[in-house]
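*Asks:* Pasting in a structure now, in structure tokens, and then I'll have a few things to ask.
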Amino acid sequence: MRTTCPYCGVGCGVKAKADGRNVSVAGDAAHPANFGRLCSKGSALGSTVGLEGRLLHPTIGGRQASWSEATALVAKRFKETIARHGPDSVAFYVSGQLLTEDYYAANKLMKGFIGSANIDTNSRLCMASAVVAHKLAFGADLVPGCYEDLELADLVVFSGHNAAWTHPVLFRRMEQARARGQRHVVIDPRRTDTAEGADLHLPLAPQSDVRLWNGLLADLIRRGAVDRAYVAAHVNGFADVEAELGKVDQSLTAVAADCGVPAADLEQFFRWFAETPRTVSLFSMGANQSAQGVAKGSAIINAHLATGRIGKPGAAPFSITGQPNAMGGRETGGMATTLAGHMDFDPESRERVKRFWGAPTISEKPGLKAVEMFEAIREGRIKALWVMATNPAVSLPNAGKVREALAACPFVVVSDVMADTDTAPFAHVKLPALAWGEKDGTVTNSERRISRQRALFDAPGEARPDWRIVADVATAMGFVDAFSWRSQAQVFREWARLSAYENGGRVLNLGPLAAITPEAYDALEPVQWPVTSAGGTARLFTDGRYQTPDGRARMQPVAAEGPAEATDPAFPLSLNTGRVRDHWHTLTRTGLAPELCRHTPEPYIEVHPADAEKLGITEGRLTRVTTRQGEAVAVAKVSERQRPGSIFMPMHWGETFAPAGRANPLVAPKVDARSGQPEFKHTPARARPYRETWRGFFIAAEGWSAPKSLDLVWRRIPQAGCQLHEFAGRGDEAEREALRAVLTKGAPVEVLRFEDAGAGSLREAYLVGGRLERVLFTAGAGALPPREWLVELFAASELTAQDRTALLVGRAPGKPLDASPIVCACRGVRASRITDAIAAGCGSIDAVSESTGAGAACGSCRPEIARLIAQSPKTEVRHAA
Ligand SMILES: Nc1nc2c(c(=O)[nH]1)N[C@H]1C(S)=C(S)[C@@H](COP(=O)(O)OP(=O)(O)OC[C@H]3O[C@@H](n4cnc5c(=O)[nH]c(N)nc54)[C@H](O)[C@@H]3O)O[C@H]1N2
Ligand SMILES: Nc1nc2c(c(=O)[nH]1)N[C@H]1C(S)=C(S)[C@@H](COP(=O)(O)OP(=O)(O)OC[C@H]3O[C@@H](n4cnc5c(=O)[nH]c(N)nc54)[C@H](O)[C@@H]3O)O[C@H]1N2
Ligand code: SF4
Ligand SMILES: [Mo]
């Protein structure tokens, strides 16, 4: 079966073979996004399709209910709330992980039938700034380029984009282009794996991008590198932008000083940009997730419009999407700020969409954007909320307040595939949705390519497709005819028809698919919109015409706000947040695959050595970060890859995996005024050691959560066959005993126990019939042994005498196990094996790969291997394709 990966916006084609619920996956060589490649997450899809933890039945107030009961209740509560308080008293919060069909259905219900635009998607946290920048410049939310441009380019600029980890397959394609001479410039405060191997890394001061890109444009003007003919023929606003640039000192030294980068490096970038017609500027969360997100996007697009580098092979500004269907939501109206099909709230569009839907009403104005929506919920203005396919209790900024909002909301519905997300406990009604491998429909990737996700298994339990759940509720609310679809193909056809309806020049047009037969829909090959009778469209604006009234693009004057460092002495650091290589968002899926938990097992706080020294923070020890919003504790990673003054935390961990290690309760709810996108990349913060008095770990077959009565730093790290729980506390002996009492309650009878009261260490193993069931180790000042050999003991059907002795001694029998971090998730290769291979003479990624097996499967770890080679003293890095 050919389907599409449900993770990132690259949208890789997957070939899957299912046998019951076992599935083996491989890259689809015929899919134009990946041509057969998959990254570590895509390769591990088979490990995430089990039914463990799934939500399989509707529930009402925690008890299992029938679909008809649950649907009727949701319809009734929404109708009542609307009748009493008006349409704007209800809201949907949806997600780029829905299919286009799901999105279309949810938007139609909210905007056309409920009559409010209070439907927003988590793409507000992700793409909103780019959307506004596109609309300002091009007249509509249009992504000009395509993946082929990334290979044709001679220069690729990564602006706030850690592609090596977040879009690994595209990064591999560009690595190959690099082997033939393509240059990479990375603009990121951190030296990421993307930056590590690049030709140039500009570790700019947080939030100084607009200054940098404006400086580039001023430099292009000085050099005479502007394409005057292109500007004259196709672009408005150049003079305004030039005037804006003239308001501040744009000299190289002034810009370099404000951005905190060496002037020589900045000059190098400016020169390369000026000299390279085939330039693609990728921009992602380092650009979008900012109070200046729109301005950053506009500044990047300005540089491309001024040089005419758009709509040509190998030349484009390229906003890359995060989620598998972030683009589909932008198309169908998943955002509160657009109506549907790239039509907005002008009277003509409203009338047209209303007529097309045969709708009783239509929302008059944009609805509340995600952050505002949750504020309105907290303040009681929104009284009924339906959350679909997103986990706001983890992923929204100021997550502590988001939880308050959810707790205060009189009626919360959650449609999810998992039973116990962080958001689920707030739900009055939980509705089970189909997951990847079960659901069937379409998604659109970063290059506007529509691909099919296809079902591999039957629906488990009573789970249903999201579009059907919405349609059933709509029907129960009395909107029968408009939601009477019988298949996803029918929903898709209606959507394609709307995109073409009275289309007097909207680029987003799926017209030729409007009459697609169910068979053709099933067999649909990946195709890029706009779809014409000749097929898809790879590149937009090839004729220099834009979707503006006069057909000309619009450059936008943008003023740089100063770098936001060290503005508040109480919070002198800049907290940056983002992603790690092998995890996806709130861990509801990648947390099921132990092989994906090895690369970054737990949350961390990355600090520059200079800051660490000043603050007394040491590698591997717990560290506390405080902002005006909240506090978190996680292990410190002291690293020169961090910019002094900045710290970094991954976004992924929630209550179920690491209650103390959550980044989002720290993040300020500051948003871009135009896009409403939150500034996840910069919150003023301070950090200091946690100073735990004791630490320990507990291994058991089941997952446990930290006892609420104790103030512990608790992390759960899934392993093959068991769950490892790490913890630390600041209390005394009594705290340890209290925890011990909880963890060993009801434990099996045979106990192996060793206590050294002097050293404050305790080791206990609980066995049933000679088989290991639970292990508890705690230590005061002393060290704890590596966990790997204990984890392995859980697989044994009976412990040997040697194992029992080892447990009591607290040391693995025989030679010490390698506890260095896993680099290659596919083959389980650790860092020490790679450094050994390098020391033995392997000087290239390929040589390391041949010797150790690392990087030979999906290739996601290749940048990390390159880094290890670069770090090793004697060898020279060679970037082989
Ligand atoms: N492994 C993995 N891949 C994913 C995802 C995942 O969860 N895991 N999620 C997907 C999704 S939804 C998204 S949106 C994408 C996101 O993909 P990316 O945007 O690549 O990911 P992030 O790590 O959020 O942020 C990118 C970089 O922005 C940098 N940055 C911070 N502040 C600034 C600044 O002021 N200026 C500049 N220029 N850079 C800055 C950060 O240091 C970080 O390295 O990834 C997608 N792919
Ligand atoms: N600090 C910080 N926070 C961030 C970011 C950051 O960089 N820093 N990035 C932001 C960005 S860009 C994004 S995109 C968000 C992502 O944040 P979320 O959207 O909250 O993250 P997910 O874990 O992907 O949540 C998806 C939920 O939907 C469920 N699900 C999966 N498939 C389906 C389905 O088909 N149907 C239904 N009904 N449910 C399904 C999953 O079980 C899960 O509970 O996080 C944002 N938050
Ligand atoms: S790059 Fe990886 S996560 Fe993204 S779509 Fe491809 S296989 Fe999936
Ligand atoms: Mo995202």
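The values are calculated or read from the model by the stated rules, or taken from the named source; none is laboratory data. Worth saying up front: this structure is predicted, and the values here are computed from it rather than measured. Cβ atoms come from the backbone with ideal geometry, glycine included; neighbour counts cover every protein chain shown. Note: areas computed on protein heavy atoms with side chains; ligands, DNA, RNA excluded. Shrake-Rupley method; radii C 1.70, N 1.55, O 1.52, S 1.80 Å.
*Asks:* Would you confirm, using the coordinates I've provided, whether Val143 is part of a strand (DSSP E or B), out of contact with any helix residue (DSSP H, G or I) (no Cβ under 6 Å at 6 or more places or on another chain) and away from ligand 2 (no atom under 13 Å from the Cβ)?
*Replies:* Spelling it out, it is not the case that Val143 is part of a strand (DSSP E or B), out of contact with any helix residue (DSSP H, G or I) (no Cβ under 6 Å at 6 or more places or on another chain) and away from ligand 2 (no atom under 13 Å from the Cβ).
*Asks:* Could you go through the range 65-75 and let me know if any residue there is part of a loop (DSSP other than H, G, I, E, B), within 16 Å of ligand 4 (Cβ to nearest atom) and at pLDDT 95 or above. Before you say what the answer is, go through the steps one by one.
*Replies:* Within the range 65-75, the subset part of a loop (DSSP other than H, G, I, E, B) is 65-66.
Remaining after also requiring within 16 Å of ligand 4 (Cβ to nearest atom): none.
No: the range 65-75 contains no residue that is part of a loop (DSSP other than H, G, I, E, B), within 16 Å of ligand 4 (Cβ to nearest atom) and at pLDDT 95 or above.
*Asks:* Would a scan of the range 636-645 turn up a residue that is free of Cβ contacts under 8 Å to residues at least 40 places away in the same chain, more than 16 Å from ligand 4 (Cβ to nearest atom) and either part of a loop (DSSP other than H, G, I, E, B) or of a type in the set (Ser, Thr, Tyr) (or both)?
*Replies:* The answer is yes; a qualifying residue exists.
*Asks:* Kindly indicate the residue of the range 27-54 that is in contact with a Cys (Cβ under 6 Å, 6 or more places away or on another chain) and in a loop (DSSP other than H, G, I, E, B) and also surrounded by the fewest Cβ atoms within 10 Å (Cβ to Cβ) among those meeting that condition.
*Replies:* It comes out as Ala33.
*Asks:* Does the range 607-627 include one or more residues that are in contact with a Leu (Cβ under 7 Å, 6 or more places away or on another chain), within 16 Å of ligand 2 (Cβ to nearest atom), of a type in the set (S, T, N, Q) and in a helix (DSSP H, G or I)?
*Replies:* No.
*Asks:* Please specify each residue of the range 76-103 satisfying the condition of being part of a helix (DSSP H, G or I), small (Gly, Ala, Ser) and in contact (Cβ under 8 Å) with a residue 12 or more places away in the chain.
*Replies:* The one that is part of a helix (DSSP H, G or I), small (Gly, Ala, Ser) and in contact (Cβ under 8 Å) with a residue 12 or more places away in the chain: Ser89.
*Asks:* Still on this structure: Need the failing condition index for Gly855 against (1) closer than 18 Å to Phe698 by Cα; (2) at pLDDT 85 or above; (3) under 33 Å from the mean Cα position of the chain (by Cα); (4) of a type in the set (Gly, Ala, Ser), just the number.
*Replies:* Condition (1) is where Gly855 drops out.
*Asks:* For the range 795-876, give me every one of the helices (runs of 4 or more DSSP H) that falls completely inside it and has 1 or more residues that are among the acidic types (Asp, Glu) and out of contact with any helix residue (DSSP H, G or I) (no Cβ under 7 Å at 6 or more places or on another chain).
*Replies:* So the answer is 831-839, 845-852.
*Asks:* Please verify whether Ala538 is closer than 30 Å to Asn214 by Cα and either in contact with a His (Cβ under 9 Å, 6 or more places away or on another chain) or among the small types (Gly, Ala, Ser) (or both), treating the condition exactly as stated.
*Replies:* Yes, satisfied.
*Asks:* Could we say that Thr48 is of a type in the set (Val, Ile, Thr), in the same structural domain as Ile377 (by TED's automatic domain parsing) and farther than 17 Å from Ala370 by Cα here? Reasoning before the result, please.
*Replies:* Working: of a type in the set (Val, Ile, Thr): yes; in the same structural domain as Ile377 (by TED's automatic domain parsing): no; farther than 17 Å from Ala370 by Cα: yes.
No: the conditions fail for Thr48.
*Asks:* Moving on. Out of curiosity, is Glu595 of a type in the set (Asp, Glu), more than 16 Å from ligand 3 (Cβ to nearest atom) and surrounded by fewer than 24 Cβ atoms within 10 Å (Cβ to Cβ)?
*Replies:* no
Table: residues versus (1) of a type outside the set (Phe, Trp, Tyr); (2) buried (at least 18 other Cβ atoms within 10 Å of the Cβ); (3) closer than 27 Å to Arg621 by Cβ.
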residue: Leu784; (1), (2), (3): yes, no, yes
residue: Leu790; (1), (2), (3): yes, yes, yes
residue: Ala796; (1), (2), (3): yes, no, no
residue: Gly814; (1), (2), (3): yes, no, no
residue: Val823; (1), (2), (3): yes, yes, yes
residue: Ser832; (1), (2), (3): yes, no, yes
residue: Ala837; (1), (2), (3): yes, yes, no
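*Asks:* Which numbered condition in (1) in contact with an Asp or Glu (Cβ under 9 Å, 6 or more places away or on another chain); (2) within 16 Å of ligand 3 (Cβ to nearest atom); (3) closer than 30 Å to Ala463 by Cα is the only one that Asn162 fails?
*Replies:* (3)
*Asks:* While we're looking at this one, here's another question. Just to be sure I understand the filter: pairs with C-beta atoms under 7 Å, separated by 6 or more residues or on different chains, first member in the range 104-132 and open to solvent by 10 Å² or more (accessible area, probe 1.4 Å), second member β-branched (Val, Ile, Thr). Which pairs pass?
*Replies:* Within 7 Å, the pairs are Ile114/Ile82; Ile114/Val90; Gly115/Thr361; Gly115/Ile362; Asn122/Thr390; Val132/Val294.
*Asks:* Further question: What's the number of the condition Gln547 fails, among (1) modelled with pLDDT under 95; (2) more than 16 Å from ligand 2 (Cβ to nearest atom); (3) buried (at least 19 other Cβ atoms within 10 Å of the Cβ)?
*Replies:* Going through the list (1) modelled with pLDDT under 95; (2) more than 16 Å from ligand 2 (Cβ to nearest atom); (3) buried (at least 19 other Cβ atoms within 10 Å of the Cβ), Gln547 breaks only (1).
*Asks:* Being in the same structural domain as Arg715 (by TED's automatic domain parsing) and modelled with pLDDT of 90 or more: is that true of Glu733 here?
*Replies:* Taking the combined requirement at face value, the residue does not satisfy it.
*Asks:* Return only the number of the condition from (1) open to solvent by 10 Å² or more (accessible area, probe 1.4 Å); (2) of a type in the set (S, T, N, Q); (3) within 22 Å of the chain's Cα centre (by Cα) that Gln176 does not satisfy.
*Replies:* All conditions pass for Gln176, except number (3).
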